[in-house]
Amino acid sequence: MPPSDDVVLRVENLVKHFPVKGRIPFVSGGVVKAVDGVSFDLRRGETLGVVGESGCGKSTLARMLVGLEQPTSGAVRFGRSVVHQARGRELRALRRRIQIVLQDPYTSLNPRRTIREILLQPFEIHPDVLDRRRRVERIKELLDLVGLDPSLHLDRYPHQFSGGQRQRIGIARALALNPDVIVCDEPVSALDVSVQAQVVNLLERLQEELGVAYVFIAHDLSVVRHISDRVAVMYLGKLVETGPEIDLYEAPRHPYTSALLSAVPVPDPAGRGERKRILLAGDPPSPVNPPSGCRFRTRCWQATDTCATTEPPLAAGEHPVACHYPLAA
Amino acid sequence: MTLLEIADLRVAFPGPSGPVNAVNGVSLGVDSGQTLAILGESGSGKSVTAQAVMGILDVPPATITGSVRLRDRELLTLPRKQRDRISGEEIGMVFQDAMAALNPVFTVGHQIMEVLRVRRGMSKADARRRAIELVDRVRIPAAKDRIRDYPHQFSGGMRQRIMIALAISLEPDLLIADEPTTALDVTVQAQVMELLAEIQRDSGMGLLLITHDLGVVAEVADDVAVMYAGRIVERGTVQQIFAGPAHPYTEGLLASMPRVDRRDEQLYAIPGAPPNPARLPAGCPFHLRCPRATDECLVTLPPLQALPADRASACHHHEEVLGATQR
């Protein structure tokens, strides 16, 4: 099913600040601006990749999208509902529609429950979705869908599975209630290289068959390129560039995107030394006290005085960039 | 003369149901100035191989057989004290997790100076001067002030640099780096790999790089040994291996890697998962996941055979693989 223009999830100016404990009691130590004004649309059946380095706020963003974290301000809209304002019946309906797959398949499955119990749980929480008598049949279908053998695997415990199989179980659980959106937070980064491709291919096949939309959050730019229709680059709590996969990777417009892409090692020794590499100085600054103006200016090789005083906005459009001096496309 | 020569190295640990054979007969050599990458997934035995060379495995419970020679001196049979001396002075070590490798209660300057004072008998003032030089060498700004900081006051990339400074403080002949950039962000990883390569160029040490990252291997290695289930399954120069692998496992790994510089429509996925070292299958350990497996592979373990152009493959069907992958 090809992605459509129909927006399924709309994120508006989402902000999350965490208070920091100060050294002096009762005096605030400031706030960590983990997510600081993020907006994007997710279209039905598409994959939006979100990339960024550790501490850029991408996991906090994931948790807010599914309602695990209360935003400081801003909104996540799904149809006519607002994720963090919904209560009661409306909230339960929302939770069915937006699911999450987490990074660590070793800690996201309850070790004391069998796969049967783990997969039946979504139906116990949402009993109106499916008649009790048809549930076991449905979870067998789900296991089959993610490439596990129901006759063999249904009554085993999580520790009896490999990492890749556990991630498949996590995906089956996320699919149980037929969601419209699955937020995948680093779903393959804990897996071995040879197993990563299996899970990536599975996610792609499921999207084709079921038309589910993914927000695919990862630090691995190669995996994100492979799976995404559109990509958003995050730096210190803000999106600095978003665009279609091909445009963003082939013609990055933000200096940070460009540096990030050039730093990824390419598994081809033939091009060694010929690729031009932008080596950024230092580490990302602390999100407690982000630089004034453009947050990237402290590591940017073309920063000017303007960058220190005026924050470049991320405009609307197909391939917007938050930079005063965007690179030539 | 080969700097490091490993021959038929075997390492086993006791397990609840018999010994777990983590390394099953590894042989390889590293020359001065050469970068050899050992590429493998979790459980392949790559880190245990490195630990056996470094002499940091506890024996018992581990049992180690075979030979590890550094400049023609056998290390495995040396008494503990002499072994530790060589491990400290002639082999430098860099690990994945710098926070765990550095002592949290001493300043980084103290830790570098301690090495210099104990091993080189330097005075406090000389050791401090040298420590500052070393911290400066790994490109940490304001080295003079930063040596008074504790490990937790550094960022992940900076801590990794401190560990590199510590590893090269006694000018070792061989540096063993076990997943040195795995925990780092990609922009910082590029900086640290660049630094390691530069230090190696300047000092002429041999570098044994342990990694699971094909990209890192392609960027820095001269030669590659691919490990699977405790064995080397393929060995060759980095160009040979990436241009035309001679083992189906390497072939599968390369085809399953998405790339940042192009978009592949479909990734090849190696079926199944790496085997449990406590329960290795009979015959070729890769046969359960191998599209080229035949009856022979189910029963006979393929030895690592020399191929033309000084490379090697442990596959009964290496000719067929080479024929398919050579461009």
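The values are calculated or read from the model by the stated rules, or taken from the named source; none is laboratory data. Worth saying up front: this structure is predicted, and the values here are computed from it rather than measured. Glycine also receives a Cβ, built like all others from the backbone with ideal geometry; neighbour counts cover every protein chain displayed. For the accessible areas, the whole protein counts, side chains as well, though only heavy atoms, and no ligand, DNA or RNA atoms are used. Shrake-Rupley method; radii C 1.70, N 1.55, O 1.52, S 1.80 Å.
Computed quantities for the displayed model
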{"item": "Per-region count, region B:160-183, residues open to solvent by less than 30 Å² (accessible area, probe 1.4 Å) and on the phi > 0 side of the Ramachandran plot", "result": "1"}
{"item": "Some residue of region A:130-152 being within 24 Å of the chain's Cα centre (by Cα) and among the β-branched types (Val, Ile, Thr)", "result": "yes"}
{"item": "From the options B:260, B:186, B:233, residue that is touching a helix residue (DSSP H, G or I) at 6+ places or on another chain (Cβ under 7 Å) and open to solvent by 20 Å² or more (accessible area, probe 1.4 Å)", "result": "B:186"}
{"item": "Residue A:38 being modelled with pLDDT of 90 or more and either within 25 Å of residue A:244 (Cβ to Cβ) or crowded, with 19+ Cβ neighbours inside 10 Å (or both)", "result": "yes"}
{"item": "Exclusive hit being farther than 14 Å from residue A:199 by Cβ and in contact with a Phe, Trp or Tyr (Cβ under 7 Å, 6 or more places away or on another chain), set A:107, A:114", "result": "A:114"}
{"item": "Given (1) within 14 Å of chain A (Cβ to nearest Cβ); (2) outside any loop (DSSP other than H, G, I, E, B); (3) open to solvent by 20 Å² or more (accessible area, probe 1.4 Å), index of the condition residue B:157 fails", "result": "(3)"}
{"item": "From B:83, B:148, B:139, residue being surrounded by fewer than 19 Cβ atoms within 10 Å (Cβ to Cβ), within 28 Å of residue B:191 (Cα to Cα) and in contact with a Gly (Cβ under 9 Å, 6 or more places away or on another chain)", "result": "B:148"}
{"item": "Selection count where residues are touching a helix residue (DSSP H, G or I) at 6+ places or on another chain (Cβ under 8 Å) and either touching a residue at least 24 places away in the same chain (Cβ under 8 Å) or open to solvent by 70 Å² or more (accessible area, probe 1.4 Å) (or both), scope region B:294-314", "result": "5"}
{"item": "Listing of helices (runs of 4 or more DSSP H) fully contained in region A:86-188 that carry 2 or more residues being surrounded by fewer than 19 Cβ atoms within 10 Å (Cβ to Cβ) and at pLDDT below 90", "result": "A:88-97, A:135-145, A:150-153"}
{"item": "Residue check, residue A:69 within 14 Å of chain B (Cβ to nearest Cβ), assigned to a loop (DSSP other than H, G, I, E, B) and either in contact with a helix residue (DSSP H, G or I) (Cβ under 7 Å, 6 or more places away or on another chain) or among the hydroxyl-bearing types (Ser, Thr, Tyr) (or both)", "result": "no"}
{"item": "Given (1) more than 7 Å from chain A (Cβ to nearest Cβ); (2) modelled with pLDDT under 90, index of the condition residue B:210 fails", "result": "(2)"}
{"item": "Criterion: more than 21 Å from the chain's Cα centre (by Cα) and of a type in the set (A, V, I, L, M, F, W, C) - qualifying residue of B:218, B:225, B:273, B:229", "result": "B:273"}
{"item": "Pairs with Cβ under 9 Å, 6+ apart, first in region B:183-199 and at the interface with chain A (Cβ under 9 Å from one of its Cβ atoms) and in contact (Cβ under 8 Å) with a residue 12 or more places away in the chain, second assigned to a helix (DSSP H, G or I) and of a type in the set (Asp, Glu)", "result": "B:193/B:219"}
{"item": "Sole residue being crowded, with 16+ Cβ neighbours inside 10 Å and assigned to a strand (DSSP E or B), chosen from A:74, A:55", "result": "A:74"}
{"item": "All positions within region B:244-254 that are more than 8 Å from every other protein chain (Cβ to nearest Cβ) and surrounded by fewer than 23 Cβ atoms within 10 Å (Cβ to Cβ)", "result": "B:244"}
{"item": "Residue match in region A:201-210 (condition: within 14 Å of chain B (Cβ to nearest Cβ) and either of a type in the set (Val, Ile, Thr) or not in a helix (DSSP H, G or I) (or both))", "result": "no"}
{"item": "Options B:202, B:222; residue that is more than 30 Å from residue A:230 (Cβ to Cβ), open to solvent by 30 Å² or more (accessible area, probe 1.4 Å) and away from chain A (no Cβ under 12 Å)", "result": "B:202"}
{"item": "Residue within region A:40-54 that is in contact with a Lys or Arg (Cβ under 6 Å, 6 or more places away or on another chain) and over 17 Å from residue A:219 (Cβ atoms) present", "result": "yes"}
{"item": "Of the criteria (1) more than 23 Å from the chain's Cα centre (by Cα); (2) at pLDDT 90 or above, which one residue B:143 fails", "result": "(2)"}
{"item": "Within region B:98-124, tally of residues that are open to solvent by less than 60 Å² (accessible area, probe 1.4 Å) and part of a helix (DSSP H, G or I)", "result": "9"}
{"item": "Qualifying positions in region A:241-252 - over 19 Å from the mean Cα position of the chain (by Cα), touching a residue at least 40 places away in the same chain (Cβ under 8 Å) and either within 11 Å of chain B (Cβ to nearest Cβ) or crowded, with 21+ Cβ neighbours inside 10 Å (or both)", "result": "A:252"}
{"item": "Residues located in region A:269-302, provided they are of a type in the set (A, V, I, L, M) and over 29 Å from the mean Cα position of the chain (by Cα)", "result": "A:270"}
{"item": "Candidates A:231, A:212, A:224, A:195, filtered to the one that is aliphatic (A, V, I, L, M) and free of Cβ contacts under 8 Å to residues at least 60 places away in the same chain", "result": "A:195"}
{"item": "Failed condition for residue A:60, given (1) open to solvent by 40 Å² or more (accessible area, probe 1.4 Å); (2) of a type outside the set (D, E, K, R); (3) under 22 Å from residue A:256 (Cα atoms)", "result": "(1)"}
{"item": "Test for residue B:321: is it modelled with pLDDT under 90, more than 14 Å from residue B:39 (Cβ to Cβ) and within 25 Å of the chain's Cα centre (by Cα)", "result": "no"}
